[in-house]
Amino acid sequence: MTLALRPVEIQDSPVARWDARWKLAALLLASATFAVVSQPAITAGAFGIAVVGVSFARLKLRFAAGRLMLILIAMLPVLAVFPFTNDNGLSLALSMTLRALAVACVGMILLGTAPLAQTLAAAHRLYLPGALVQIALLAHRYSLLFFSEARRVRIALRTRAFRAGTNLRTYRTTGHAVGSLLVRGGDRAEQVADAMRARGFGGAFHCTRRFRTTAWDVAGFAGVMLLLAGLLLGEWLS
């Protein structure tokens, strides 16, 4: 098992070329719609739409399949228990699983078709508070750094013949390793804060990215809204 955490490789696709503001708005509404529908046929349709979206985004098969498999594993208790709890248990379990898979597909499209910084800049243009945008950006940046440091510590321990076990030495060594990571993280955070203040940072988020809306962006948003309206109408008529 590796502790490496790497950013997603962005592939060129029609979804990746979609204006980030329109894409974010459309995908958030799609995620909310997929989460509220409940009829088995409608949730199957939602999952189908999400899979088509993944294909349009040209996400790598290994990237998409691995994450969907994690969702399926997480939903196994629901699939195993719900059919025995009530008469509609099986259909309810399938509906919940399909909804979870559909929402996961939307998340993969959002993360796999644009850098996170671009998506958060679009969110700021859609009136997400700048403080939240900065917190998300820093958390993302330093989670990558933290996992890289953790991997280095793990390799250093292994080169010194350390092997984890259920004994006091393992617990002590693990505690020291985690403590050193936290101390390093605190020191680095202080250095970053000092560097930002030295460069005149006053707490405001300044978005330097320019967004440009085209007719295709609006058409894509309208198409997604029509599909979502169809799902909600089908849910209401069922």
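Observations on the model:
- Put simply, the Cα atoms of region 124-198 extend 51, 28, 19 Å along their principal axes, the longest span coming first.
- Of the DSSP H helices in the chain, those whose Cα atoms cover at least 20 Å axially and whose Kyte score averages -1.0 or more: 20-36, 40-57, 61-81, 89-112, 130-159, 168-198, 215-237
- Along the axis of the charge dipole computed for region 1-148 (Cβ charges of +1 for Lys and Arg, -1 for Asp and Glu, origin at the Cα centre), the listed residues L144, L132, T43 are led at the positive end by L144.
- The chain: Rg to Rh, with Rh as the Kirkwood radius over Cα pairs: 1.05
- Annotation: extensible slack from F205 through V51 equals 51.9 nm (criterion: 0.36 nm per residue apart, minus Cα-Cα distance).
- Lys, Arg +1 and Asp, Glu -1 on Cβ, resulting dipole of region 124-198 about Cα centre, debye, nearest 20: 460
- Sorted largest first, extent of region 15-137 alpha carbons per principal axis (Å): 48, 30, 23
- A simple spin-label model places pseudo-atoms 7 Å from Cα toward Cβ; at R152 and M225 they are separated by 5.0 nm.
Every number here is computed from the coordinates shown, using simple stated rules; none is lab data. Being a predicted model, the structure only gives us computed values, none of them experimental. Don't worry about glycine lacking a Cβ; one is built from the backbone with ideal geometry, like all the others, and counts go over all protein chains shown.
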